[in-house]
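Here's the structure we're looking at; comments come further down.
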Amino acid sequence: QRIIYTDKVDISNTIFPMNKDWNKDWYGPIKIPKKGDIIDINLETIPMYSKLIREYENNILEVKGNQIFINKVAADKYEVKQNYYFMMGDNRDASLDSRYFGFVPETHIMGSPMFTWLSLEGSFTDNNSSYQANGWRIRWDRMFKATNTGEANKTSYWWVAAILMGIFFGWDYIMKFVKRKKNEE
């Protein structure tokens, strides 16, 4: 599957689902679907579940007038085939998360994070955002620190990163040096 990245994400009018009068601060209530759930499908609920039905569960979804068709069969209910999650970032005011993109299928989750390897401030803000960073910057104090420990002072793994980078760049330097010596002979 091909993933396309864009330069900017307009978050001004994209709170999921689009047909609700919700915003990033006043969101919900929302029921997160799990495998086996039977969900009502109608014109009010289809904006919430259309991506789930179409893209994640590979069905053909059509809306004709007031009627909804799934795989060319009229439907008012749908049985969910897999588990879904609602993801929210730790910095909720500056996170592009499920409030903008919708439910995340369990099959898209690769694991749980061990540490933060890169922390950028201002990379997802624009003039429409209520969270305004002081320009784009790297947050060095958050990098290579453990996540999900429940403690305020997170364990730092800077030393591991420094050793690995030293090995990488050292090996690269040695290999270039050896190649240069062979070419000279």
Report summary line: Subtracting the Cα-Cα distance of residue 184 and residue 155 from 0.36 nm times their residue separation yields 5.7 nm
**Report entry** For segment 58-67, 3J(HN,Hα) per residue [Karplus equation, 6.51 cos²θ - 1.76 cosθ + 1.60, θ = phi - 60°, Hz, x = Gly/Pro]
**Finding:** 6, 10, 8, 10, 9, 10, 10, x, 9, 10
Query raised in the report: Hey, rough spin-label estimate for residue 136 and residue 66, points 7 angstrom out along Cα→Cβ, what's it come to in nanometres?
Result: 5.0 nm
Requested in this report: Kindly state, to the nearest 0.05, the FRET efficiency for residue 38 paired with residue 74, given R0 = 25 Å and r defined as their beta-carbon distance.
Outcome: 0.95
Requested in this report: Apply 1/(1 + (r/R0)^6) to the Cβ-Cβ distance of residue 108 and residue 147, taking R0 = 25 Å, and write down the FRET efficiency to the nearest 0.05.
Outcome: 0.85
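No value in this document is a laboratory result; all are computed from the given coordinates. Predicted model, so just to flag it, every value in this text is computed and none were measured. Please note: Cβ atoms are built from the backbone with ideal geometry, for glycine as well, and neighbour counts cover all protein chains shown.
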